[in-house]
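Trainee: Structure incoming, see below.
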């Protein structure tokens, strides 16, 4: 029966992979394909939901519709994917193109109409089916670096149109677009004693396990002497030919004495699961040392679409009279493998590395609702806001909340409330609940109702009341007053705010609203003269910028320009 179940599991995985059309979609670019980011790659607070195609550190390459369909959504934002296009295809899939520089003229004209209608740069439209049809190979946009991009590239996704689940684009044949003969690389291996009665090599804390390369290309771990429940974590990355980047590993399988024990595979997942990255990895180690160790064991919350196989939550119970071998097989999408063999024997060694747990009066039970209050400050923590139970640091001193630290991963929003009854009403207008982030005061959107200020947050550490009375800055226009701008294609000016952040920005030419694109990474607003809203001769230019507390700055100037 066990053999039948294993066969069915393998058959279903193979069948699922082979069920995707391999030659339906073309490349979205006409340059050699190289990955800057792989599907499922471990990113801060999320799994990467697509693949990133390198664009030779440049912008402006044509981006093509990968198949016939219609544009179903266009979103323009200052963060996230920046300028992005979504195309629905008749075969039931949606392709997504992100961090675009600009759209082609017919699409841009539709967007400009929406920008000017709503008098806003950040917009989102949902064209009706076949309102903007595309054919395979049509140019829809040009590659860029907009949104939260760290450099020029094209973010590309394939989604199931009905469920919106994200699917690995390499399953659709894109793996054949580049060569990969290199196996995943291993940086480090950790063994974790789990529970009060567990011990690994005399330690009650996670232990680094040394690895040695064998003649057959596999790795052999130094022998582990352990007792009780233990788990493993591995730090690894993938590389490919002619690619200098470090990408995520596609697949991992673990075996205990030759039998499947734990496995994950980045074929598909839902957006609801992406936050589970913080329980998929050793989060405290990542926060303290910036090392991403993938845990090969789980708690009660984990990404079920990614973890394909698991026995005993991935934990190995080491008991007397047993010698075990734990094998880890890392594999990239092209089938290149790296193998680690870990011998385990039972033994109770004297504890040389005791575990220190700082107990506090507040043992937080993660499966329950939790409430804490002191003086005029309260915190409400809904059930499942954290991934595990822990002793919480909670205190209020001098009207400041000290609420643990960022070594603990937060799964869902908690509510922090300040009672401001003792603060005069006249002092509250520019006030908000702030937190301390690396020594810098950070703004939080604050709900004000009667005498209560509250925020919903996933942040921890220190919270306090702060004020923002300083208006935003407007500076570095690309012209001086009265200049002739006949040879300029764009109008540019920088804006910034030191505390609560930019809330709105509006530009005007001769009293009429104009579209100004906001590049938040560069703190820059840009107006394209191709919108043709200037007049021959002298033009009056004005910008009004507001921050999140209502502080406002206005910049006024003029320039000369002649239409050609």
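Trainee: With the contact rule set at Cα under 8 Å and sequence spacing of 6 or more, what percent relative contact order holds for the stretch 209-309?
Mentor: 26 percent
Trainee: What does the convex hull of the alpha-carbon atoms of the stretch 220-362 project to on average, in nm²?
Mentor: Convex hull of Cα atoms, orientation-averaged projection: 11.5 nm².
Trainee: Another one. At 7 Å along the Cα-to-beta-carbon direction for both residue 369 and residue 522, put a label point, then send me their distance in nm to one decimal.
Mentor: It is 5.0 nm.
Trainee: Also, I was wondering about something else. Which value in Å is the Kirkwood Rh of the stretch 145-220 over different Cα pairs?
Mentor: Hydrodynamic radius (Kirkwood, Cα pairs) of the stretch 145-220 is 17.8 Å.
Trainee: Which of rounded, prolate or oblate describes the chain when judged by the alpha-carbon gyration tensor and an a/c cut-off of 1.5?
Mentor: Oblate shape, in that a/c is at least 1.5 and b/c is the bigger or equal ratio.
Trainee: Moving on to the next point. Relative to a virtual label point 7 Å from the Cα of residue 162 in the Cα→beta-carbon direction, which members of the stretch 256-283 show backbone nitrogen distances below 17 Å?
Mentor: Counting backbone N atoms under 17 Å from the label point, the list is 269-270.
Trainee: Distance between the C-alpha centers of the stretch 240-301 and the stretch 141-170? Whole Å please.
Mentor: 21 Å
Trainee: Another question, if that's okay. Taking every Cα atom in the stretch 362-467, find the radius of gyration and the maximum pairwise distance Dmax, and write them in Å.
Mentor: Answer for the stretch 362-467, Rg first and Dmax second: 13.6, 43 Å.
Trainee: Run the quick spin-label model on residue 488 and residue 359: label points 7 Å from Cα toward the beta carbon, then report their separation in nm to one decimal.
Mentor: So the two model labels end up 6.8 nm from each other.
Trainee: At 0.36 nm per residue, and after removing the present C-alpha to C-alpha distance, how many nm does the segment from residue 139 to residue 329 gain when stretched out fully?
Mentor: Extra length from residue 139 to residue 329 when fully extended: 64.3 nm.
Trainee: Could you check the spin-label model distance between residue 320 and residue 108? Points 7 Å from the Cα along Cα→Cβ, value in nm.
Mentor: Calculated label separation equals 7.8 nm.
Trainee: Estimate the FRET efficiency between residue 259 and residue 68 by the formula 1/(1 + (r/R0)^6), using the beta-carbon distance for r and 35 Å for R0, to the nearest 0.05.
Mentor: Step by step, r from the Cβ atoms, then E = 0.15.
Trainee: Where does each of 357-369, 231-243 land if you order them by average Cβ count within 10 Å, highest first?
Mentor: In decreasing order of mean packing, 357-369, 231-243 become 231-243, 357-369.
Trainee: Sticking with this structure for a sec: Quick one: grab the alpha carbon gyration tensor of the stretch 473-561, order the square roots of its eigenvalues as a ≥ b ≥ c, and give me rounded if a/c is under 1.5, else prolate or oblate depending on whether a/b is larger than b/c.
Mentor: Note, shape of the stretch 473-561 comes out prolate.
Trainee: Shape of the stretch 297-343 from its Cα gyration tensor (a ≥ b ≥ c, root eigenvalues): rounded if a/c is under 1.5, otherwise prolate when a/b > b/c, or oblate?
Mentor: Since a/c reaches 1.5 but b/c is at least a/b, the shape of the stretch 297-343 is classed as oblate.
Trainee: Can you give me the Cα centroid spacing of the stretch 345-390 and the stretch 483-499 in angstrom?
Mentor: If you average the Cα positions of each part, the centres end up 52 Å apart.
Trainee: What does the helix-only formula give at 222 nm for the chain: each DSSP H stretch with n ≥ 4 adding -39500 (n - 2.57), the total divided by the residues, and the result rounded to the nearest 500 deg cm²/dmol?
Mentor: Mean residue ellipticity, 222 nm, calculated: -2000 deg cm²/dmol.
Trainee: What's the extension gain from residue 311 to residue 56 if we count 0.36 nm per residue and subtract their Cα-Cα distance?
Mentor: 87.4 nm
Trainee: Got a sec? Which residues in the stretch 27-63 would a label at residue 406 touch, if it sits 7 Å along Cα→Cβ and we count backbone N under 13 Å?
Mentor: Those under the cut-off are 44-45.
Trainee: Determine the gain in length on full extension of the stretch residue 118-residue 196; use 0.36 nm per residue of separation and subtract their C-alpha separation, reporting nm with one decimal.
Mentor: Full extension from residue 118 to residue 196 adds 22.1 nm.
Every read-out reported here was derived from the displayed coordinates using simple, explicitly stated rules and does not represent laboratory data. Treat the numbers as computed from the prediction; the structure is a model and nothing was measured. Neighbour counts are summed over all protein chains in view; Cβ atoms, including those assigned to glycine, are modelled from backbone coordinates with ideal geometry.
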